[in-house]
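Written out below as structure tokens is the structure these notes cover.
FYI, it's all coordinate maths here, none of it is from the lab. What you see is a predicted model; the values in this text were computed from it and never measured. A quick note on method: Cβ atoms are made from the backbone with ideal geometry, for glycine too, and the neighbour counts reach across all protein chains shown.
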Amino acid sequence: MARILKFVLLVVIALLVVSAIVVRGINSRIRAAAIVKQETIAQSIPPVGVIHPKRGALKDEIVLPGNIQAFVDAPIYARTSGYLKKWYFDIGARVKTGQLLAEIESPEVDQQLYQARAQLATAQADLKLAQLTMERYQSLLKLDAIDKQSVDNEIGAYEADKATVAAADANVKHLEELVGFEKVTAPFDGVITGRNTDIGQLVNAGNGGAAQELFHMAAIDKLRVFVSVPQINSQAAIPGVTADLTLIEFPGRKFVGKIARNTNAIDPSTRTLLTEVDIDNKSGVLMPGAFTEVHLKLQAGTPALIIPVTALIFRAENLRVGIVRDGKADLVPVTLGRDFGTEVEVSSGLSPDDAVIVNPPDSLTAGAQVRAEFKPEQ
């Protein structure tokens, strides 16, 4: 009996051991399948190489693009209609305020002036006669030789003729102004940048049609450049700060200007401050319309962030840089500073802790899941 019990006990123990081995094998297979599934899901997420932006040296300036503009720029129109008799200055000519640019023949206005002067002379003669008659009637009234009503009538006639003379005189002065407009003069010191008429051409001053621009003038002794200063540097863009201009056609040469004013408001669409830089140009070397780089001198240094040029993404909406946040890609707008060739300086849009994607694929979109793989610093 004891031998039977011992045998049964051994069988039970053997079954328990076999069961434990089977259960352990099943659990290991389940765990292995789960691990494989997790690794498969992880491998399906595209990897991207990321780096942290490098901190550059403190900057004492930022470089911004700008377009040079004339300090004053104006089209010159005729104030009276007629035919162009003669023009005196062509494009590129420098003129002074009040200098004659062209003459217009307007015989209709001339004849109207002659007629108005004749009407004024007639009105003045009538006024003189009315004055003499009024004075005679007033003298007769003192002698009781005439009734007061007759005197009042003559006084009224005198006042009416006086008003007629005033109206005729105003008409003459009006036509004299129109005749004066036959001479087109320069409104300010500047240069002729456009001539859009020629001798014998019909000039329309806007009477019954569109007015025609005769000349275009620009004052270039002083120029202005508008630049958009990033929000991070806006506090330094105050009037009086020095700003140097460099142009590709003048290698190695700088033109010194100063900030004259700013809008005192950040543009919400670009997060920039519109700033005007004025520069003296009495030499006439600089020309309006030219592209320039404005080196804005900052009053206090600000830390610069540097990233590889391969991290830049050029999209239709604007320049972007891809970063990884919580396992997803985000495309952030940035403002660039100096270009170092293989690296560029970022003025705004990034922080030192951002995981910047290097060599982002063209198909990268905001919100896409990515797997960040940090690259060693070069």
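Using Cα-Cα distances under 8 Å and only pairs 6 or more residues apart, what relative contact order does segment 82-195 have, in percent?
50 percent
Between Asn318 and Met287, what is the label-point separation in nm under the 7 Å Cα-to-beta-carbon projection?
Modelled inter-label distance: 3.2 nm.
Looking at Gly66, Ser234, His216, which one has the Cα that reaches farthest to the positive end of the dipole of the chain (charges on Cβ: Lys, Arg +1; Asp, Glu -1)?
Positive-most Cα among the choices belongs to Ser234.
Return the long-range amide H neighbours of Ala237 (sequence gap of 5 or more, or a different chain), with a cut-off of under 5 Å between placed amide H atoms.
For Ala237, no residues qualify.
Quick one: Debye curve from the alpha-carbon atoms of segment 169-212 only, equal weights, vacuum; give me log10 I(q)/I(0) at q = 0.23, 0.25, 0.27, 0.31 Å⁻¹ to two decimals.
Log10 of I(q)/I(0), two decimals: -1.07, -1.12, -1.14, -1.15.
How far, in degrees from 0 to 90, does helix 2-44 lean away from the longest principal axis of the Cα atoms of the chain, to the nearest 10?
Long axis of 2-44 versus the principal axis of the chain: about 20 degrees.
Just to confirm the filter: which GluC sites (Glu not before Pro) across segment 191-299 are DSSP coil and have at most 13 other Cβ within 10 angstrom of their Cβ?
Sparse-neighbourhood loop GluC sites (Glu not before Pro): Glu249.
Show the residues, 5+ positions off or on another chain, whose built amide H is closer than 5 Å to the amide H of Leu298.
HN-HN under 5 Å from Leu298: Glu61, Ile62.
Give me the distance in nm between label points sitting 7 Å out from Cα along the Cα-to-Cβ direction at Asn204 and Val179, one decimal.
So the label points at Asn204 and Val179 sit 2.7 nm apart.
Over the Cα atoms of the chain, what radius of gyration and what Dmax do you get, in Å?
For the chain, the Cα radius of gyration and maximum Cα-Cα distance read 43.8, 180 Å.
Restricting to DSSP H runs of at least four residues, report the calculated mean residue ellipticity at 222 nm for the chain, -39500 (n - 2.57) per run over all residues, nearest 500 deg cm²/dmol.
Value at 222 nm, helices only: -11000 deg cm²/dmol.
Helix 148-180 against the longest principal axis of the chain: what's the angle in degrees, Cα atoms only, rounded to the nearest 10?
Helix 148-180 sits at roughly 50 degrees to that axis.
Taking the convex hull of the alpha carbon atoms in segment 59-208, what volume per residue do you get, in Å³?
That works out to 224 Å³ per residue.
Of Lys254/Lys297; Lys86/Lys173; Lys85/Lys183; Lys96/Lys222; Lys96/Lys173, which pairs sit farther than 20 Å apart, going by alpha carbon to alpha carbon?
In this structure, Lys86/Lys173; Lys96/Lys173 lie more than 20 Å apart at Cα.
Relative contact order for the chain: what percent, with Cα pairs under 8 Å and sequence separation of 6 or more?
Across the chain, relative contact order equals 25 percent.
How much length is gained on full extension from Ala167 to Ser363, taking 0.36 nm per residue of separation minus their Cα-Cα distance?
Working it through step by step, the gained length comes to 62.7 nm.
Magnitude of the Cβ-charge dipole of the chain, K/R +1 and D/E -1, about the Cα centre, nearest 20 debye?
My answer is approximately 3180 debye.
Relative contact order of segment 274-359, please, whole-number percent, based on alpha carbon pairs below 8 angstrom and at least 6 residues apart.
Across segment 274-359, relative contact order equals 26 percent.
Between Asn153 and Lys128, what is the label-point separation in nm under the 7 Å Cα-to-beta-carbon projection?
Taking the two extended label points, one gets 2.5 nm.
Measuring from a point 7 Å past the Cα of Asp189 along Cα-to-C-beta, which residues in segment 278-299 have an amide N at less than 13 Å?
Answer for this model: 281-284.
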